[in-house]
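Here the structure is laid out as structure tokens; the discussion comes afterwards.
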Amino acid sequence: MHKEMNRLGVGPKFALLGLVYGAVILVLHYSFFPTLTFTLISKWVNIVLGTILIIIGFPLFILSGIMVHTHIGKGKLCTTGVYAYCRHPLYGAWVLFVVPGIVMITGSVVAISWPVFLYILCKIYTAEEERYLRTKFGDEYLRYEKEVYAIFPKIWRKYS
């Protein structure tokens with residue numbers, strides 16, 4: 001018998017460490033390195049691209065949360081919708097869209113490490129979730145794990 005995992009999984013640990021790291025990085029940037037910035041063509045291009053990333057990331061995060069919450073309530077593995085392309089879209093939304101969007105908007109060279117840090121955190125913490133899911137769902141999860149990437153979406157999956 002496996003011990004049930006909290007509905008939020010490793011999300012709270014991921015969020016807390018990610019937010020603390022991001023806050024420290026941004027404080028360091030604005031306190032000590034305010035001129036250490038990058039721009040793509042112009043600051044406005046950074047702002048527009050960063051905003052687009054955030055606009056993609058938040059709905060992806062919300063949709064993923066609703067989908068997994070519904071499936072958890074039924075005791076089922078969520079493998080449809082965005083979960084057909086990425087096993088961890090809740091974390092992926094932050095790693096690939098929201099935080100890179102913030103980095104783009106600030107233009108902070110120092111903050112470029114933030115999404116990298118989140119990706120590393122994600123790899124470490126999702127291992128715990130995946131062990132639990134393998135135990136709970138067995139072969140169903142093993143097949144899903146083999147077909148679908150963890151963080152980076154396998155967007156061509158449906159078209160190959």
Would you check which residues across segment 104-132 are over 30 Å from Thr39 (Cα atoms) and more than 18 Å from the chain's Cα centre (by Cα) and list them?
Arg131, Tyr132
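With in a loop (DSSP other than H, G, I, E, B) and closer than 30 Å to Val27 by Cα as the only criterion, which of Ile62, Ile151, Ile102 stands out? Quick ask: steps written out before the conclusion?
Details: Ile62 fails: in a loop (DSSP other than H, G, I, E, B); Ile102 fails: in a loop (DSSP other than H, G, I, E, B).
Step by step, each of Ile62, Ile151, Ile102 is checked, and only Ile151 is in a loop (DSSP other than H, G, I, E, B) and closer than 30 Å to Val27 by Cα.
Taking segment 39-64 as the region of interest, how many residues are more than 19 Å from Lys154 (Cα to Cα) and under 15 Å from the mean Cα position of the chain (by Cα)?
Of the residues in segment 39-64, 4 are more than 19 Å from Lys154 (Cα to Cα) and under 15 Å from the mean Cα position of the chain (by Cα).
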Evaluate the following for Lys154: is it touching a residue at least 12 places away in the same chain (Cβ under 8 Å), over 30 Å from Trp44 (Cα atoms) and surrounded by fewer than 18 Cβ atoms within 10 Å (Cβ to Cβ)?
yes
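Conditions tested, residue by residue: (1) in a helix (DSSP H, G or I); (2) modelled with pLDDT of 95 or more; (3) touching a helix residue (DSSP H, G or I) at 6+ places or on another chain (Cβ under 7 Å); (4) exposed (fewer than 15 other Cβ atoms within 10 Å of the Cβ).
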| site | (1), (2), (3), (4) |
| --- | --- |
| His69 | yes, no, no, yes |
| Lys76 | no, no, no, yes |
| Trp114 | yes, yes, yes, no |
| Lys123 | yes, no, no, yes |
| Leu133 | yes, no, yes, no |
Could you please find all residues in segment 28-59 being in a helix (DSSP H, G or I) and either aliphatic (A, V, I, L, M) or in contact with a Phe, Trp or Tyr (Cβ under 7 Å, 6 or more places away or on another chain) (or both)?
Leu28, Val45, Ile47, Val48, Leu49, Ile52, Leu53, Ile54, Ile55, Ile56, Gly57
Pairs where the first residue, in segment 37-52, is free of Cβ contacts under 8 Å to residues at least 40 places away in the same chain and the second is exposed (fewer than 13 other Cβ atoms within 10 Å of the Cβ) and assigned to a loop (DSSP other than H, G, I, E, B), C-beta under 9 Å, 6+ apart
Val45/Thr39
Mind checking whether some residue in segment 12-25 is surrounded by 14 or more Cβ atoms within 10 Å (Cβ to Cβ), in contact with a strand residue (DSSP E or B) (Cβ under 7 Å, 6 or more places away or on another chain), of a type outside the set (D, E, K, R) and not in a loop (DSSP other than H, G, I, E, B)?
no
Name the pairs: first residue in segment 2-29 and farther than 15 Å from Leu90 by Cβ and among the hydroxyl-bearing types (Ser, Thr, Tyr), second residue assigned to a helix (DSSP H, G or I) and modelled with pLDDT of 95 or more, Cβ to Cβ under 7 Å, at least 6 apart or on different chains?
Tyr21/Trp114; Tyr21/Phe117
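The values are calculated or read from the model by the stated rules, or taken from the named source; none is laboratory data. The shown structure was predicted, so the numbers you read here are calculated from the model rather than taken from an experiment. Note that we place each Cβ from the backbone using ideal geometry, even for glycine, and neighbour counts take in every protein chain shown.
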